[in-house]
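Peer 1: Here it is, the structure in full.
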Amino acid sequence: MPFAVRGSAFVVLALSIGLAGSIAVRPSGQTTPPDTILVNGHIITVDPNASTAQAVAIAGGKFTAVGSDSTIRALAGAGTAVIDLRGRTVIPGLADGHLHDAGGGSGVDLSRARSLADVLAAVRARVEQGRAGDILVSNSDWHEAQLAEHRLPYRADLDTVSPENPVVLVRGGHEYILNSAALRKWNITKETPQIAGGRITRDARGELNGELIDRAKSLVQLPPAPKLTIEALAEQHRKLNAAGLTSIRYPGASIDQYRLLQEMERRKLLTIRVSQLMRVGADDAAKMRAAVAALNVQADEGDEWLRVGGMKLGVDGGFEGGWMREPYAEPWGEHGTFRGVNTMKQSAYTDVVKELNRLGWRVATHAVGDAAIDEVLAAYEAANAERSIAGRRWSLEHGFIPQADQFPRLKALDLVISAQNHLYLAGPSLVAYWGRDRAAWTTPVRAYLDRGFVVAGGTDSAVVPYPPLWVIYHFVTRDTISGGVLGADQKIARVDALRIETINNAFLTFEERIKGSIEPGKLADLVVLPEDILTCPDKHIEQMQVVMTMVGGKIVYGRPPS
Ligand SMILES: [Zn+2]
């Protein structure tokens, strides 16, 4: 037996050799000594048996053995680096299946604001630094649920600190809030007609409150964002590595970003594995065909560092615009007339989905409300009737409010559920918009798992902050930042939450055979944690700091325990 590894770990090892065939063996039958071994730890492998071990060996960027301290130490050669974990816990590298960016930026930073006064102080500071006429724009990574008042700052609030300079607060990916100077600048008045797929919001007296939702944002032309650079992407990836992330999936980004990432891979600058969904503006089959041709990429091209993951589409708004079968709670329901925002109509959406299926592309669709899920089902079923999508891992992105009648249809299409912890951030707002029962059902991970769906976890950063441990904490407890527990019946086991953040994400990108668990033959992506995430008190999951992150056997964050 070439490997001195015992028990269930050996069964896994033997299977993995069969799958990956990547164990380095010398002609003599001796194994090549590992580059690195990690010993004296608590290794949570997330393998099919949920086994644990004390130590792992790494060579050529992959795990080569998992087992006891003595068996792994016996593999070491003169050149092998030995990392003493000092009892720390190791888990597979964490993944985020729906991450736009890490937040931050050059705009007004509201991520640390905890009250309306904090928001206004941040805006006032920029007004005082700037010149007359400057347009002030905020970063997008904040939400009113983080504010003590649990409400948005509106036009009248912003006017008190910026009567002259136009102010545009960007909130997440679906909403702007403008002050009066900004409304004037872009000629938005009470007479401006509503925009299809969007909404210009009014207050109780019928006055514009400055809020523009989804396609209504097109009324505003913001100054161009600073050009995305390799340096900026590398800096973001370092932040993500520090939170324990080793893989991310960009849910809809430009071809320009993909080309930058390719250049980063060529120069060996990537410290995180990337799957990118493409996003193009196309609302019929012919335009989609032309747009796909213009991308000049293959539907699933790439390798273990960077790959194309399919095409991103969207059919409804976000927190404040998810498209529902039933009206919003009052006053947002506007006397039963407001059911959210449908950003792409059924006929155009179905046309585009069927064309992508013909072209061999996978589709991932943003759908928050149950009416949006109805639209996705109708289109995916129409595509499936032409050519089966089963086994091709098409996805439902978000899927906040699935209804009982929708589960069997989602299952029949063999969809993967890409679920995030929006509720953790936005709980009190969702209660206000949708009522307590609907808010408590938001992202019902337990219900999805119980019905046999593969659920891949993430955050939707920068809409929700990116730490993956907060996703695990929320899915395990259903606790929220400022609104207490919502939907306690949807709590899941910690080991399931860990799968959702690791191997299930690998499944989403067709990579479960090469990453997502600590098994011989797989890519050596791992995270060292200060304590056992399966047994520590709940609150520790939210608060613990990552000790060290490795991608492909290289340390990309932190240092060995000391
Ligand atoms: Zn998103």
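The values are calculated or read from the model by the stated rules, or taken from the named source; none is laboratory data. If you're wondering where the values come from, they're calculated on a predicted model, not measured in any experiment. Here Cβ is always computed from backbone atoms with ideal geometry, including for glycine, and neighbour counts include all displayed protein chains. To get the accessible areas, we keep the full protein, side chains included, count just its heavy atoms, and leave off ligands, DNA and RNA. Shrake-Rupley method; radii C 1.70, N 1.55, O 1.52, S 1.80 Å.
Peer 1: Farthest toward the dipole's positive end in the chain, which of ALA53, PHE63, LEU356, given Cβ charges of +1 (Lys, Arg) and -1 (Asp, Glu) about the Cα centre?
Peer 2: Of the listed residues, the answer is PHE63.
Peer 1: What are the lysines whose alpha-carbon lies under 23 Å from the alpha-carbon of LYS515, with same-chain residues fewer than 8 places away excluded?
Peer 2: Correct list for LYS515: LYS62, LYS239, LYS268, LYS554.
Peer 1: Counting only other residues whose beta carbon sits under 15 Å from that of ARG325, what net charge do I get with K and R as +1, D and E as -1?
Peer 2: Value of the local net charge: -4.
Peer 1: Can you tell me how much longer the chain between LYS239 and LYS345 gets when fully stretched, taken as 0.36 nm per residue apart minus their C-alpha distance, in nm with one decimal?
Peer 2: 34.4 nm
Peer 1: Return one whole number: the accessible area per residue of the chain in Å², for a 1.4 Å probe.
Peer 2: Counting only protein heavy atoms, the per-residue value for the chain is 39 Å².
Peer 1: Once amide H atoms are placed 1.01 Å from N in the peptide plane, what residues at a sequence separation of 5 or more from LEU277, or on another chain, have their amide H within under 5 Å of its amide H?
Peer 2: For LEU277, the qualifying residues are TYR250, GLY252, ALA253, GLY309.
Peer 1: Which one, PHE400, GLN194, TRP332, is farthest towards the positive end of the dipole of the chain when Lys and Arg carry +1 and Asp and Glu -1 on their Cβ?
Peer 2: Value computed over the given set: PHE400.
Peer 1: Accessible area of the chain with a 1.4 Å probe: how many percent of it is carbon plus sulfur?
Peer 2: 52
Peer 1: Taking LYS345 as the anchor, which lysines have their alpha carbon closer than 23 Å to its alpha carbon, excluding any fewer than eight residues away along the same chain?
Peer 2: Excluding near neighbours in sequence, the set is LYS217, LYS287, LYS312, LYS354.
Peer 1: In the chain, if the dipole is taken from +1 on Lys/Arg beta carbons and -1 on Asp/Glu beta carbons about the Cα centre, which of PHE453, LEU85, HIS174 is farthest to the positive end?
Peer 2: Projecting each Cα onto the dipole axis, the largest value belongs to LEU85.
Peer 1: Using mean Cβ contacts within 10 Å as the protection proxy, how do 298-308, 60-70, 182-192 order, highest first?
Peer 2: Descending packing order for the listed peptides: 60-70, 298-308, 182-192.
Peer 1: Further, regarding this structure: Helix-only mean residue ellipticity at 222 nm, the chain, DSSP H runs n ≥ 4 weighted -39,500 (n - 2.57), per residue, nearest 500. What is it?
Peer 2: -9000 deg cm²/dmol
Peer 1: In addition: Nothing charged except the Cβ atoms of Lys and Arg (+1) and of Asp and Glu (-1): what's the magnitude of the dipole of the chain about its Cα centre? Round to the nearest 20 debye.
Peer 2: 1040
Peer 1: Size of the chain along its principal axes in angstrom, Cα-based, largest extent first?
Peer 2: If we take the Cα atoms of the chain, the spans are 83, 56, 46 Å.
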